[in-house]
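The values are calculated or read from the model by the stated rules, or taken from the named source; none is laboratory data. Predicted model only: the values in this text are computed from it and were never measured. Here the Cβ is made from the backbone with ideal geometry for all residues, glycine too, and neighbour counts use every protein chain on show.
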């Protein structure tokens, strides 16, 4: 007999030796196709246990195992995101008048209505897919550029409000004065070295010993190279000082998102009490990190994560634990061993689900694994009037 499915010719009349199909079941399936849609098909009874032989039986058993595994491990509700610009597919019952109409195809395993994220959140998710709370928080974290350095921040509302550290967006007068003092000292050192080299050059003309003369020439060469190096450094410092003195937050502070897009700052408010600042950019439906209102419910040893741009490595995620709770100058801080490096300042400290616990702010000098974050309760105290209910 010839198999109606694969065309294999054989003597047996119950199952195909090549593809393993059961001829009686295949015939029943073909007959069912002719039934009207209004007739509810009876469930197929479980087949008695049988020892399948040959390659066809092995393949059938493997497929059955895969199907059973998919049923056990597949999430009960999966959402599919259609291509950008395509309408969402409705999975609601179309009603008897539309029964039998062709429905748009859905990705395998999808049982829930697909969602299209709108605005900025959708744009970023299309380029950097979100599979968990940490990745959502990553997309909500931003890189902040200023004339004096860089830091991190994160969206705290969908309408563009961003939390960061005050020291990220403010170059205070004391720092500026110290910076100028270092630049002046470097200028004085360069001038003193220039005069010393000129004097040594004059002495070189009177040296007759070839060995001594060679040593003095080599010394002059080393000093000249060092002078050129530090002179270029001084020129760069002076240029940066000029940029700082001319800068304004409205034109010189830039917010950079994970996809590289840049936004100018629309507004800026700084706390007088703690190291926090609130800025905003013009955007719609930004991905934002939801706050956990009471950070003290997290005990010592609780797993936490820090997101930021340490040493310019943007949107880096690092992990650690809550080491304790401290007070300094009347302010409360969360102590953590999650790495906080230059560039992490202003970034979020979150839990394993991506919930906001605090804002990374500083580390203990000459120590490793001792960093501090401002509890989110301070944000509500300082900027609650602008952010509303969080």
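How many residues are in a loop (DSSP other than H, G, I, E, B) and over 24 Å from residue 312 (Cα atoms) if we restrict to the stretch 353-390?
Of the stretch 353-390, the ones in a loop (DSSP other than H, G, I, E, B) are 353-355, 364-370, 388-390.
Checking which are over 24 Å from residue 312 (Cα atoms) leaves us with 353, 355, 388-390.
Matching residues across the stretch 353-390 total 5.
Could you list, in sequence order, the residues of the stretch 369-390 that are within 17 Å of residue 326 (Cβ to Cβ) and surrounded by fewer than 18 Cβ atoms within 10 Å (Cβ to Cβ)?
The answer is 369, 370, 377.
Look at the stretch 324-352 and say how many of its residues are assigned to a loop (DSSP other than H, G, I, E, B) and either more than 19 Å from residue 303 (Cα to Cα) or in contact (Cβ under 8 Å) with a residue 40 or more places away in the chain (or both).
Total meeting the criteria: 10.
Quick one: residue 341 ticks every box in (1) under 20 Å from the mean Cα position of the chain (by Cα); (2) farther than 13 Å from residue 137 by Cβ; (3) surrounded by 23 or more Cβ atoms within 10 Å (Cβ to Cβ) except a single one, so which number is it?
Single failed check for residue 341: (3).
Are any residues in the stretch 272-318 at positive phi and in a helix (DSSP H, G or I), and if so, which ones?
Passing the criteria: 311, 312.
Could you check, for the stretch 293-307, whether at least one of its residues is touching a helix residue (DSSP H, G or I) at 6+ places or on another chain (Cβ under 9 Å) and over 23 Å from residue 334 (Cβ atoms)?
no
Kindly establish whether residue 321 is assigned to a strand (DSSP E or B) and under 22 Å from the mean Cα position of the chain (by Cα).
yes
So if I check each of 308, 346, 312, which one is at pLDDT below 90 and within 26 Å of residue 256 (Cα to Cα)?
Exactly one of 308, 346, 312 is at pLDDT below 90 and within 26 Å of residue 256 (Cα to Cα), namely 312.
For residue 284, are the conditions met, namely being loosely packed, with under 14 Cβ neighbours inside 10 Å, in contact (Cβ under 8 Å) with a residue 24 or more places away in the chain and either closer than 23 Å to residue 163 by Cα or touching a helix residue (DSSP H, G or I) at 6+ places or on another chain (Cβ under 6 Å) (or both)? Quick ask: steps written out before the conclusion?
Details: loosely packed, with under 14 Cβ neighbours inside 10 Å: yes; in contact (Cβ under 8 Å) with a residue 24 or more places away in the chain: yes; either closer than 23 Å to residue 163 by Cα or touching a helix residue (DSSP H, G or I) at 6+ places or on another chain (Cβ under 6 Å) (or both): yes.
Answer is yes for this residue.
In this structure, does residue 233 turn out to be out of contact with any helix residue (DSSP H, G or I) (no Cβ under 6 Å at 6 or more places or on another chain) and more than 20 Å from residue 166 (Cα to Cα)?
Answer is yes for this residue.
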